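**Q** Dropping a structure here in structure tokens format, bear with me for questions.
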């Protein structure tokens with residue numbers, strides 16, 4: 001049966017995915033994994049080598065007699081992918097070569113006064129900064145978008161913490177400007193992709209990635225697949241309504257007019273913790289003449305066990321620990337990976353978070369997962385967005 005061009009492109013894409021996951025795989029093993037004839041696999045591999053996407057070499061330790069088996073590798077010069085990750089305050093961009101090696105990075109800041117068009121302009125600037133010298137080598141762009149996103153339409157639907165960020169077309173304008181396919185994904189799911197391909201989630205079938213920045217979201221990997229939900233809204237846990245741990249905590253984070261409950265991201269996000277520390281300092285007369293606080297101030301104060309910041313970190317840890325426990329009860333994940341600036345707090349946050357999650361799970365006779373910090377740094381979302389571009393791109397036929 002003759003295959004369509006689309007079917008052939010899908011087979012070649014799967015071959016590249018297999019080689020990406022198992023560098024050094026042989027043609028024979030590849031054919032077995034794809035359940036196709038070795039000659040068919042060889043034909044596709046030959047084209048991918050000719051097109052410059054794969055390289056082949058003799059396997060080390062091959063027997064001296066007979067035809068030596070060969071190993072397949074991604075050709076770093078096969079092309080470039082760019083990943084962009086942004087939230088309410090920062091835009092991160094990263095270019096990677098065809099073998100996933102990071103090449104260039106770029107950063108832009110977002111101001112509260114920035115319009116949607118101004119933010120898109122900054123995204124374009126960041127992409128230009130990491131473009132390859134030969135623009136024809138660019139194959140695809142992935143964008144990790146905060147809040148709700150519709151990947152099928154290439155539209156950013158809504159994000160609470162960017163002014164007038166509502167139904168913003170992103171994929172089509174960027175594709176038109178840079179001449180390559182552009183793929184969108186929620187930025188926390190992009191972080192989960194980065195963990196799945198390169199980080200703490202590598203080789204895991206079931207794990208959660210909690211992205212904690214201006215807002216909070218969960219990237220859910222179940223059965224080795226990133227989960228999106230019926231309308232691409234899986235993992236929007238920052239909007240969970242939670243009771244305040246105490247009235248004192250409510251006043252600390254929301255003032256005297258605090259409601260009876262709050263959203264998780266109004267306590268346990270970077271933005272909420274900075275605001276709470278500012279409020280606490282004002283209450284103690286310590287903000288006079290100071291510059292606006294940044295999260296680095298929270299980290300520094302936490303390391304010094306500042307009595308103003310300790311209850312803020314403990315409240316955030318308790319809320320996050322409760323959220324982790326409920327997610328694990330629902331999804332039975334083996335690992336939970338925390339990503340974003342909160343990882344800078346180290347065990348100051350992680351220890352009480354683990355304790356609260358364990359308290360809830362053990363009371364329910366449930367297994368306590370491994371709860372760890374991401375080790376990928378501030379560009380993890382950009383790397384994940386690049387991985388999205390890698391995953392969705394198909395060789396031209």
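**Q** Between the alpha-carbon centers of segment 228-246 and segment 89-160, tell me the distance in whole angstrom.
**A** 25
**Q** By count of other Cβ within 10 Å, fewest leading, how are 209, 10 ordered?
**A** 10, 209
**Q** So for the pair residue 222, residue 257, with labels modelled 7 Å out along Cα→Cβ, what separation do we get in nm?
**A** 4.0
**Q** Mind sorting out which of (1) 23.5; (2) 27.8; (3) 34.7 is the real mean projected area of the Cα convex hull in nm² computed from the coordinates?
**A** Step by step, mean projected area of the Cα convex hull in nm² for this structure corresponds to label (1).
**Q** Now, a different point. Can you sort 155, 390, 143 so the residue with the fewest Cβ neighbours within 10 Å comes first?
**A** Fewest to most other Cβ atoms nearby, the residues stand as 155, 390, 143.
**Q** Among 347, 97, 256, determine the one that fluctuates most according to a GNM of the chain built with springs between C-alpha atoms less than 10 Å apart.
**A** Looking only at 347, 97, 256, the largest GNM fluctuation is found for 256.
**Q** Compare 53, 98, 207 in a GNM of the chain, Cα atoms joined below 10 Å, and give the one with the largest fluctuation.
**A** Result: 53 has the largest fluctuation of those listed.
**Q** Could you please state, rounded to a whole Å, how far the C-alpha centre of segment 344-397 is from the C-alpha centre of segment 190-226?
**A** The distance from the Cα centre of segment 344-397 to that of segment 190-226 comes to 5 Å.
**Q** Of all beta bridges DSSP finds with both residues in segment 65-178, what is the antiparallel percent, to the nearest 5?
**A** That works out to approximately 75 percent antiparallel.
**Q** Antiparallel as a % of all DSSP beta bridges within segment 114-184, to the nearest 5? Let's see the in-between values first.
**A** Working: 6 of 9 bridges.
The antiparallel proportion sits near 65 percent.
**Q** Rounded to the nearest 500, what is the 222 nm mean residue ellipticity of the chain from helices alone, with -39500 (n - 2.57) per DSSP H run of 4+ residues and division by all residues?
**A** -12500 deg cm²/dmol
**Q** Oh, and also: With each label point set 7 Å from Cα along the Cα-Cβ vector, what nm distance links residue 4 and residue 39?
**A** 2.7
**Q** Also: Okay, which of segment 339-371 sit inside 20 Å, backbone N to the point 7 Å along the Cα-Cβ direction of residue 310?
**A** 345-356
**Q** With 10 angstrom as the radius, rank 191, 94 by how many other C-beta atoms surround their C-beta, starting from the fewest.
**A** Sorted ascending by nearby Cβ count, the order is 94, 191.
**Q** To continue, here is another question. If you fit an axis through the alpha-carbon atoms of helix 310-331 and take the longest principal axis of the Cα set of the chain, what angle between them do you get, 0 to 90°, nearest 10?
**A** Tilt relative to the chain: about 50 degrees.
**Q** List the relative contact order of the chain as a percent without decimals, with contacts defined as Cα pairs under 8 Å and 6+ residues apart.
**A** Numbers: 762 pairs, mean separation 68.1, N = 397.
Worked out over the chain, it gives 17 percent.
No value in this document is a laboratory result; all are computed from the given coordinates. This one's a predicted model, so the numbers in the text were calculated from it and none came from an experiment. All Cβ positions, even for glycine, are placed from backbone atoms using ideal geometry, and neighbour counts span all protein chains on display.
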